[in-house]
Amino acid sequence: MNSPEMKSRLLQLFPVFQKLPAAAVEEIVLSAALRQAPAGAILFEAASPCTGFPMLLEGSVRVVKSAPNGREVQLYRITPGESCLLSSSCLLGGSAYSATGVAQTAVSLLTLPPAVFHRLLAEHKPFRDYVFGLFSERLAELMSLVEAVAFQKLDQRLAALLLGKGELVRATHQSLADELGSVREMVSRLLSNFQDRGWVALGREQIRITDAAALRRMAQP
């Protein structure tokens, strides 16, 4: 990806940069490092230092918290035009990552060096507003996750998750379990129960919703 193409893509996906002076945008384009990684690649690990401010151009990234027993809970997902809350937090606090970032698909991203990130934050209000707006949005997502884990039963959460993925869900039982912070055996048992009730039809790495109304009733608190 050449510089003009990178600049065009950046301005398209991150409108905040359209509000910055041309010189600042040029600095971003010249200093940002382009990184590409295949699906499944570890982009950052818990306890590792943050090396820059990432801006996703293509693909999707899962940010997960892992337990010693191997269980995971997905904290949030990053899609094109978004950045990472944990990266911002680590750069601002000078701390290491507390979770892991995994490429859900093949990804392409730009990473701003810490020095450029801090200068943009100090000198340009639109960028500062964008970063703190990111905190607000992700915090709301994390609060919803905490509420779901603490107060909703797993079958409710599974029903809601399936409904949010459309009529045909292309996912493994393990990936659904990861999103729910559960284990594959529990999710498989619930899916089999849903199938016995006629709510879903299970296939190889796919689930077809056959009774959305019943799932909606189940998903209600």
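The values are calculated or read from the model by the stated rules, or taken from the named source; none is laboratory data. Just so we're clear, the structure is a prediction, and the values are computed from it rather than from any experiment. Because the Cβ atoms are built from the backbone with ideal geometry, glycine has one as well, and the counts that use them run over all protein chains shown. Ligands, DNA and RNA are excluded from the accessible area calculation, which covers all protein heavy atoms including side chains. Shrake-Rupley method; radii C 1.70, N 1.55, O 1.52, S 1.80 Å.
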Averaging sequence separations of C-alpha pairs under 8 Å and six or more residues apart, then dividing by the length of the chain, give the relative contact order as a whole percent.
20 percent
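Taking the Cα centre of the stretch 92-221 as origin, work out the dipole magnitude from +1 charges on Lys and Arg Cβ and -1 charges on Asp and Glu Cβ, in debye rounded to 20.
The dipole of the stretch 92-221 has a size of about 120 debye.
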Considering the alpha-carbon set of the stretch 61-175 alone, what are its Rg and its Dmax in angstrom?
16.4, 48
Taking Cα atoms, how many degrees apart are the long axis of helix 114-123 and the longest axis of the chain, rounded to 10 and kept between 0 and 90?
80 degrees
Integer Hz, Karplus 6.51/-1.76/1.60 couplings in order for the stretch 105-111, x for Gly and Pro:
10, 4, 10, 9, 8, 10, 10
Using the charge dipole of the chain (Lys, Arg: +1 at Cβ; Asp, Glu: -1 at Cβ; taken about the Cα centre), state which of Leu158, Cys50, Pro113 has its Cα farthest towards the positive end.
Leu158
State to the nearest 20 debye the size of the charge dipole of the stretch 1-100 about its Cα centre, where the only charges are +1 on K and R beta carbons and -1 on D and E beta carbons.
220 debye
With Cα atoms, 0 to 90° folded angle of helix 22-31 axis to the chain main axis
70 degrees
Over the alpha carbons of the stretch 7-135, what is the largest minus smallest coordinate on each principal axis, giving the biggest first in Å?
49, 29, 22
Probe 1.4 Å, heavy atoms of protein chains only: per residue, the accessible area of the chain in Å² is 51 Å²
Please give the charge dipole size of the chain, origin at the Cα centre, charges +1 on K and R Cβ atoms and -1 on D and E Cβ atoms. Round to the nearest 20 debye.
320 debye
Restricting attention to the chain, give the cysteines that have no other cysteine Cβ less than 4.7 angstrom from their Cβ.
Cys84
Tell me the carbon and sulfur percent of the accessible area for the chain, rounded to whole percent, probe radius 1.4 Å.
53 percent
For helix 125-151, what angle does its Cα long axis make with the longest principal axis of the chain, in degrees from 0 to 90 and rounded to 10?
20 degrees
For the stretch 112-177, the spread of Cα positions along each principal axis, largest first, Å
48, 27, 19
Using only the alpha-carbon atoms, what does the chain span along each of its principal axes? Please give whole angstrom values in decreasing order.
62, 33, 29
Using the Karplus curve 6.51 cos²θ - 1.76 cosθ + 1.60 with θ = phi - 60°, what ³J(HN,Hα) values do you get for each residue of the stretch 60-65, in whole Hz, with x for Gly and Pro?
9, 10, 9, 10, 10, 10
